[in-house]
Structure formats: structure tokens, C-alpha cells
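The values are calculated or read from the model by the stated rules, or taken from the named source; none is laboratory data. Quick caveat: nothing in here was measured; it's all calculated off a predicted structure. For neighbour counting, all protein chains shown are included, and Cβ atoms are generated from backbone atoms with ideal geometry for every residue, glycine included.
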Amino acid sequence: MSFDGSHTATLSPTASNFGSQVLSNSISNSISSLATTSSRPSSSNITKAYRQASQLFLTRRLPEALSTVLPLITPSTETSDVNGLTEPAPIARASRSTRIKVWSLYLTILNAVLELDPDEGKEAFGSQEWRTLCKKVRDGDVWEEVVQYGYHGVEGEVDSDVVINLATLLLAHAKTQAVNQKRLENYLATSTAPNLDISRQLEANPSSRRSHSRGASGADTPRDLNARVKILELYTLHVLLRNNEWDYAREFISVSAVLDEERRDAFLQALQSLQDEQQASERREREETQRQEEQLQKDIEEARRLRSENEAREKRRLDEERAKREASEIDYGIEQTPSAPGSKKKSRTGTNGAANGSSLSRAKSSVSKGKKAAAPPSLGARAAMIIAHIRKIIEQLGASLTANPRLLLRFVAFIIGILVMFGRRGVRERIQRILGTGWEKVRSTAGMGVKVSYI
């Protein structure tokens, strides 16, 4: 009894000391956890901000929606933990479903921002901010932002749904797919390998630690497997094909451990159909380019032919007009020949100094008779004759067009040819020179006629 009592008395202080120590430790841990929890946004606040941002996005208020989401995914620089490290973004502490929703909404807002017109985007966000957002997506920096702010810099911890949204966003807006290919390859390589960084695993929440217990295929559930297959589809059938790596895509599909035989055959068949479609599209583009070149060559040859025909037709017309003018000048000289001997005779008599009045009077009477014989018709008679000729031409033209409508088409083609011909500067200058020469001849001929009539 005394042994038991002494033993009990001996153990009682020890037990009481141990209990007080455990109680003090638990109280201090509770106080520190409460302090940490009070300094971070709660899950309800994240959900509330997510719903508010979703409503703003659905009403196309993109600047307000983006400003509502940014505090959830951006680490705070003001608060720090007990070790002096910067507090991570609130989304890094959220549950998996909330994390996926917030990141998906953020990427969707970025996609809508880049689909805006430049003027509309600059008006909504400001010129500098809009350029920054576009550059972040087109250069692929948004992927690094998601990894650093939401997953502690571990690329293999990124949720598969977020990876799918990132790859789709870069496929739609990135300048090149090199960054997208590199990021997907890193994710596929790191998500299947275990993470040995104990500090990262202790800092991460239980859902992120469970993601490291995946098997060789990187999937625990059918949902994870479907997401993995979707990522492989984006990588092999879209990203690699944009980079023109058809053989590597076929090889990657053939050796992939995630795809079963049925899916592998479907992927290979889709890859072959896409390659056949691209080859057919390239062939059609080459044929279309060749057809356009041939059509252009035909149009050039046809234009040359029409130009040569118009030039030949115009040359014949000018030759005919020149011949008519020369014939009219010859006829005019014949009509005025009776007055020539009289004038010569008068000059000869003036030179010899013989004042023979009878011969001079006979020369004057002969000149006056020649003038009366070759007197032109009056102005009214000329106008009536011209009007009659024009009316006759119009009547003949109407009758011919009624009998043969093709003449109208030929006439229209002739007019078009004339317009095309007069559209050339060289032809216009040549016609102006010819008309100028003809007008000078007409003026000189008219001057000669006036002088002869005066004499």
C-alpha cells in the first residue's frame, strides 16, 4: 500500500507537470492559429468575392470584375508570417474546387479582355494597363503567375482544369506556341514524379499534398484521368501541330502510358486526318495561287491584245482622215486654179510695165467668173445639210441596232476601247500633236483661201 502510495505520490507531480505543459502548448498553438486565421481571408470571403466577380463579368463590366479577382490571387506584401516570409495569395489556402473556380474565372476575364477591340480595351482599362494585360497573355507570363501565386512555385501542383484553361488561353492569343509547349511538357513531367520537398508539402493544404500521391499516370479518379487525356489532346493535337512537330506528336501518342489502345488509335486517327487536311489545304492554296497567276497572265495578254488592236484601229482612222484632208486640199487647189493664171498674168504685165487695159479687164472678168462658179453654199444650206446627214446616220444606226443587237455591244466595246486608249498619256499626247498639226494645216489653207479671195 505504501509502495503504491509512494509510487502514486511520486508520479503525481510528474503527470501534473506534463499536463500543464501540454495544455500550455495547445493554448499557444491555438492562439497562433487564430492569429494566422484572422489575418487571412476566410473561405466565405473568397466565395463571396468570386460570386461578385462572376456577376460583374456576366454584365460585361470587365475592369470591375478583374479588380475584384486580383486581391484573391495576388500575395499581400504587407503581412508576413512568424519567419518573416511574405504571406502567400489567399487562393493558395483555399480548397481545390474554390481554387479552380477562381483561376478559371481569372483566365476567362483575361480572354475577354484580349478579345476587345484596341480602342475599346484602352478606353475600359487605360492604355498602359491594357497593353500590360495583353503582353502578359501573349508572352505566356500568365502561366508563371498562376504557378507562383497559386501553387507555391511548384508546377506539378497546378490543378489539371487550370492547366487546360491556361493552354487554351495561350492557344488563342499567344504569339507563338513555344512557351505553351514548354509549360505543358514541364507539367506532364513534374506531375507524374513525386515531390520530395518536405517544407513545401507541410505548407501546402491537404488537398495539394494528396495530389502528390498520384500513380504513374498522374490520375487518381476518372475525373483526373479525363482531365489528363484532355491535356494530352491539347498538347499533341494542337500545340505540337502549331509548332509543326507532326512526327514528335505521333511518337508521343504512341508511347503515352495514359492512353489506352482505343484512345491511342483515336488520337492517331485524328492526327492523321489533321495532317491530311493541312496537306489538302496547302495544295488548294498552291492551286489557287497558280490559278490567280495564270488568270493575271491572261488578263495582261488580253490587255496587250486590246491595246494593239485599238492602236491599229486608231492608226487606220488617222490615216483615213489624213488621206481625206489631203484629197480635200487637192480638190481645193483645183477649184482655185482658174484664178491663178489671171494673177500670174497680172504680175507679169506689172513687171513688164505694159498698161494694156483690155487684157487687164479680161483677166479681172475671168477671175470674177471663177469666183462665182466656185462660190460655197450659204450657212443655212450647210446647217440643213449637216442636220440631214446626222438624221440619216441616226436612222440608219437605229435600224441596224434593231436588226442586229450585237452591234450595240460592239459599239459599247469600241467606246470602252477608245476610253482605255485615251486613258494612256502617250496616246493622248500623240493625238494632240496630230490634231494640232491638222489644225495648223486648216488654218494655213483657210488663210490661203482668204488671200486668194481678196486678190
**Complete:** Residue count, region 182-191, condition surrounded by 19 or more Cβ atoms within 10 Å (Cβ to Cβ), at pLDDT 90 or above and not aliphatic (A, V, I, L, M), comes to 2
**Prompt:** Out of region 131-154, which residues are buried (at least 19 other Cβ atoms within 10 Å of the Cβ) and either closer than 20 Å to THR190 by Cβ or modelled with pLDDT under 90 (or both)?
**Reply:** GLY140, VAL142, TRP143, VAL146, VAL147, TYR149, GLY150, TYR151, VAL154
**Message:** List pairs: first residue in region 247-274 and touching a residue at least 40 places away in the same chain (Cβ under 8 Å) and within 20 Å of ALA227 (Cα to Cα), second residue small (Gly, Ala, Ser) and surrounded by 11 or more Cβ atoms within 10 Å (Cβ to Cβ) anywhere in the structure, Cβ distance under 8 angstrom, at least six positions apart or on different chains.
**Reply:** ALA257/SER217; VAL258/SER217; VAL258/GLY218; VAL258/ALA219
**Message:** Quick check on region 396-408. Is at least one of its residues surrounded by 12 or more Cβ atoms within 10 Å (Cβ to Cβ), free of Cβ contacts under 8 Å to residues at least 40 places away in the same chain and under 20 Å from ARG316 (Cβ atoms)?
**Reply:** yes
**Request:** Name the one entry in ALA413, ALA340 that is assigned to a helix (DSSP H, G or I), among the hydrophobic types (A, V, I, L, M, F, W, C) and at pLDDT 80 or above.
**Result:** ALA413
**Message:** Looking for something of a type in the set (Val, Ile, Thr), modelled with pLDDT under 80 and either under 28 Å from SER308 (Cβ atoms) or part of a loop (DSSP other than H, G, I, E, B) (or both) - is there at least one such residue anywhere in region 445-455?
**Reply:** yes
**Complete:** Scanning region 136-157 for residues that are out of contact with any Asp or Glu (no Cβ under 8 Å at 6 or more places or on another chain) and of a type in the set (Phe, Trp, Tyr), the one farthest from ALA174 (Cα to Cα) turns out to be TYR149
**Request:** Return the only residue of LYS441, LYS392 being among the charged types (D, E, K, R) and touching a residue at least 60 places away in the same chain (Cβ under 8 Å).
**Result:** LYS441
**Asked** Would you say GLY426 is out of contact with any Lys or Arg (no Cβ under 9 Å at 6 or more places or on another chain), over 18 Å from ARG316 (Cα atoms) and in a helix (DSSP H, G or I)?
**Response** no
**Prompt:** If we scan region 251-265, do we find a residue that is under 16 Å from GLN181 (Cα atoms), among the basic types (Lys, Arg), surrounded by 14 or more Cβ atoms within 10 Å (Cβ to Cβ) and in contact with a helix residue (DSSP H, G or I) (Cβ under 7 Å, 6 or more places away or on another chain)?
**Reply:** no
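A quick yes/no check of all residues on (1) touching a residue at least 24 places away in the same chain (Cβ under 8 Å); (2) closer than 28 Å to SER95 by Cβ; (3) part of a helix (DSSP H, G or I); (4) of a type in the set (Lys, Arg):
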site	(1), (2), (3), (4)
GLN128	no, no, yes, no
THR132	no, no, yes, no
GLY156	yes, yes, yes, no
ILE164	yes, yes, yes, no
LEU169	yes, yes, yes, no
LYS182	no, no, yes, yes
**Prompt:** If you scan region 379-407, which residues turn out to be at pLDDT 75 or above and closer than 19 Å to GLY449 by Cα?
**Reply:** ARG382
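For the subset of region 103-130 comprising residues that are within 29 Å of ASP159 (Cα to Cα), under 22 Å from the mean Cα position of the chain (by Cα) and of a type outside the set (A, V, I, L, M, F, W, C), which member is surrounded by the most Cβ atoms within 10 Å (Cβ to Cβ)?
First pass over region 103-130, keeping only residues within 29 Å of ASP159 (Cα to Cα): 103-116, 129-130.
From the residues that got through so far, the ones that are under 22 Å from the mean Cα position of the chain (by Cα) too are 110-116, 130.
Still in the list and also of a type outside the set (A, V, I, L, M, F, W, C): 111, 115.
Working: ASN111: 15, GLU115: 11.
Per the stated criteria, the residue is ASN111.
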**Asked** Name the pairs whose Cβ atoms lie under 6 Å apart, with the first residue in region 293-314 and part of a helix (DSSP H, G or I), the second surrounded by fewer than 10 Cβ atoms within 10 Å (Cβ to Cβ) and of a type in the set (Lys, Arg), and 6 or more positions between them or separate chains?
**Response** none
